[in-house]
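Take a look at the structure below.
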Amino acid sequence: MAEDKFSPSKDYLDTLKNMTALYSFWNELYFNNELVMPVITVRQDMRGRAYGWFVPHKVWTTGDDYEGSVEINICSQWLDRPLEEIAGTMLHEMCHHYAYVKGVKDTSRYGYYHNKDFKAIAERHGLKVENTGSYHGWCKTELTDESKTLLAKFVTRGRILYDLRRRNSPDWFGSDNGEEKVVRQTKPSSTRKLVCLNCGISVRATKDVYVLCGLCKARLVPANHD
């Protein structure tokens, strides 16, 4: 299958679509669909310190009667991580969303410190939690073995997390409209091996070159020379 042309707008929209599908997947499995879909964004963390974040304010509004929506962002520069890690980030931010809905104060220090209430919520919703022993508290999370197994159901539905830097990798999961996987096509190597037929010394070159052996002064020839 030929590689698709790079289409930034379409690829970004595909990313949002698949992030939304992942949110719905976890919401059904771990939150009994209690959570109302927030605005999900994908953009860069300019400081490069976060995998994602939850905005506990209804910052998205039309200014009319609509009361607004909170936001979950997944940081774009970390989309080259394994699927399980990105899915774990989404679930982590959904736990913050759950705490917000339930009126639980799960962080302090401007949202950086994750307290024991966050730990309790996360452990009830498919995450293992560690205390980093730092300013961030109980912030280090990853999927449990059970949630990793459940995540496989998300993959078999054909829905993926769209990652531009991995889109042609053999382990790309396809798209949610049933299209074929895009398989990376291995390009022929641009290097060639040259050997000395007298002493066996060899070198590699990226183009046709005339090379003399430093030991016996014979010309090196391609390794497949008869």
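Within the stretch 75-84, identify whether any single residue is part of a strand (DSSP E or B) and either within 22 Å of S134 (Cβ to Cβ) or hydrophobic (A, V, I, L, M, F, W, C) (or both), and answer yes or no.
From the stretch 75-84, those part of a strand (DSSP E or B) are 75; that's our starting set.
Retained after the next criterion (residues that are either within 22 Å of S134 (Cβ to Cβ) or hydrophobic (A, V, I, L, M, F, W, C) (or both)): 75.
Yes; the residues of the stretch 75-84 include at least one that is part of a strand (DSSP E or B) and either within 22 Å of S134 (Cβ to Cβ) or hydrophobic (A, V, I, L, M, F, W, C) (or both).
Taking the residues in the stretch 89-125 that are among the small types (G, A, S) and assigned to a loop (DSSP other than H, G, I, E, B) as candidates, determine which candidate is farthest from E34 (Cα to Cα).
Our first condition is that a residue be among the small types (G, A, S); within the stretch 89-125, this holds for 99, 103, 108, 111, 120, 122.
Among the residues that remain, those that are also assigned to a loop (DSSP other than H, G, I, E, B) are: 103, 111.
Numbers: G103: 14, G111: 23 Å.
So, considering only residues that are among the small types (G, A, S) and assigned to a loop (DSSP other than H, G, I, E, B), the one farthest from E34 (Cα to Cα) is G111.
Taking the stated definitions as given, is T132 among the hydroxyl-bearing types (S, T, Y), more than 18 Å from V55 (Cβ to Cβ) and touching a residue at least 40 places away in the same chain (Cβ under 8 Å)?
Against the criterion (among the hydroxyl-bearing types (S, T, Y), more than 18 Å from V55 (Cβ to Cβ) and touching a residue at least 40 places away in the same chain (Cβ under 8 Å)), T132 does not qualify.
So is R49 modelled with pLDDT under 85 and under 23 Å from Y113 (Cα atoms) or not?
Details: modelled with pLDDT under 85: yes; under 23 Å from Y113 (Cα atoms): yes.
Yes; evaluated as a whole, the condition is true for this residue.
Output the number of the condition that R109 fails; it satisfies all remaining conditions of (1) open to solvent by 40 Å² or more (accessible area, probe 1.4 Å); (2) closer than 26 Å to L13 by Cα; (3) not acidic (D, E).
(2)
Could you please find all residues in the stretch 126-141 being surrounded by 20 or more Cβ atoms within 10 Å (Cβ to Cβ) and part of a strand (DSSP E or B)?
Matches in the stretch 126-141: L127, V129, G137, T141.
Name, by its number, the condition in (1) surrounded by 14 or more Cβ atoms within 10 Å (Cβ to Cβ); (2) farther than 27 Å from M46 by Cα that does not hold for N115.
(2)
Taking the residues in the stretch 9-26 that are of a type outside the set (A, V, I, L, M), open to solvent by less than 10 Å² (accessible area, probe 1.4 Å) and at pLDDT 90 or above as candidates, determine which candidate is nearest to the chain's Cα centre (by Cα).
The residue in question is Y23.
The values are calculated or read from the model by the stated rules, or taken from the named source; none is laboratory data. Computed from a predicted model, the values in this text were never measured in an experiment. Every residue, glycine among them, receives a Cβ derived from its backbone with ideal geometry; neighbour counts consider all protein chains shown. Calculation scope for accessible area: heavy atoms of the full protein, side chains included, ligands and nucleic acids excluded. Shrake-Rupley method; radii C 1.70, N 1.55, O 1.52, S 1.80 Å.
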